[in-house]
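Everything on this sheet refers to the single structure shown next.
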Amino acid sequence: MVLTVLIAGLAFSTPREIAISRLLPAAPALAAAMWPVLPTILLGAFCLLLMTVLSLFYTDLGTQYTSAAIVAVTLAAAYGSHVRLQREEVLFHVRLVADAAQKVLLRPMPRRIEDIEIESLYLAAQEQARIGGDFYEAIGTPHGVRLLIGDVRGKGLSAVGVASAVISCFREAAYDERDLQGIIHRLETTVTRHSAVFPTQDQPEHFATALLAEIPHDGGHIRLLNCGHPPPLIAHRGKVQVLEPKTPSPPLNLASLIGDRYWVDSVAFGPGDQLLLYTDGVSEARDRTGQFFPLPDWMQRQSLEQPRELLDQLHRDLLRHSGGRLDDDIAALALRRSEAQDRGAVGVERG
């Protein structure tokens, strides 16, 4: 409308030799990108009326040619608007399906399990994306609170399929298995079978990094089984520690190549302590100079007590560090023990 009024005003106020009126067909053409069919046609009719009024004042504007152009462009714009609306409707339904799939794959986390406060963060690298290869889960079981976070190699639907299979297996195994080694063996079998049944042309074998955590009912400690995943961070009495595994365990679906022995680390996790689990999209987020996000130093500077506040601040600082552009999906879990528990000794279990 603004463009139409501007062209009309210039057509009346400028010499007829300039023939600004010949720009009137541009108005309905632009309207097709934003308006429905009927308003686009009405705008074309309004432009045609303006051209008729102009012809009463200037008889040598080539009214018949401009009018024909307005009619032709308006009809084409109306059809373009119709096609655009159909595609927008299809895209809307696709997004509904994607949202439903994400709620199944990454269902809303419980904000509290027993004495553990839990919050989650997920950011897709691709604009308009809803789901990806990063995954996480937290479940209260008879063995304690058990958590999973991981990252499937690759992107796209194949990575989503592997992530879905891993999460579904974990939701069952977390209740059934007595220890973390039993869970990881079942996850390993799941990824191996999925890779054999659903191979892709550019990626015949899938593998995934994963981190399992268990907070038992009767102790102030947490058990960690790290299968090639970025090490979590723990904030204990104002100090941040990077929980590197004492002995690395193989990523999922690589046990046949480098061995199927898994080790569990046990560290103290007392009241008020916070634990941050994350995927490599967090630690490897780069700024314009190529520098990685300084996650341990960032964690040390935080004085936020609530997990939700910690993840919200992490979200803001990641976007600020990367200039608002993410190169990889990002997933993170923040945990905080809110009630006093007995502290367990630090050790290593081998299975």
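Details
- The range 254-317 shape via C-alpha gyration tensor axes, a/c threshold 1.5: oblate
- One chain, two ends: TYR65 and ASP287. Fully extended at 0.36 nm per residue, the span grows by 74.4 nm beyond their Cα-Cα distance.
- Neighbourhood net charge (9 Å Cβ-Cβ; Lys/Arg +1, Asp/Glu -1) for ARG308: -3
- If R0 is taken as 45 Å, the Cβ-Cβ distance between ASP327 and ASP218 corresponds to a FRET efficiency of 0.60.
- Protection proxy ranking, highest mean first, for peptides 323-333, 87-97: 323-333, 87-97, where packing is the per-residue count of other beta-carbon atoms within 10 Å, averaged.
- Relative protection proxy for 63-71, 216-224, from highest mean packing down: 216-224, 63-71 (other beta-carbon atoms within 10 angstrom).
- This model, with +1 at the C-beta of Lys and Arg and -1 at the C-beta of Asp and Glu, gives the chain a dipole about its Cα centre of some 700 debye.
- Sequence-distant contacts, meaning Cα pairs under 8 Å at least 6 residues apart, place the relative contact order of the chain at 16 percent.
- Taking 0.36 nm per residue of sequence separation and removing the Cα-Cα distance, the ARG193/LEU91 pair yields an extension gain of 33.4 nm.
- Peptides 141-149, 244-252, ordered by how many other C-beta atoms sit within 10 Å of their residues on average, highest first, read 141-149, 244-252.
- The length gained on full extension between ALA33 and SER338, counted as 0.36 nm times the residue separation minus their Cα-Cα distance, comes to 104.5 nm.
- Cα long-axis angle, helix 2-13 against the chain (0 to 90 degrees, to the nearest 10): 30
- Against the empirical 2.2 N^0.38 Å (N residues), the chain has a Cα radius of gyration ratio of 1.45.
Throughout, read-outs are computed from the coordinates displayed, never taken from laboratory work. Computed from a predicted model, the values in this text were never measured in an experiment. Virtual Cβ from ideal backbone geometry, glycine too; neighbours counted across all protein chains shown.
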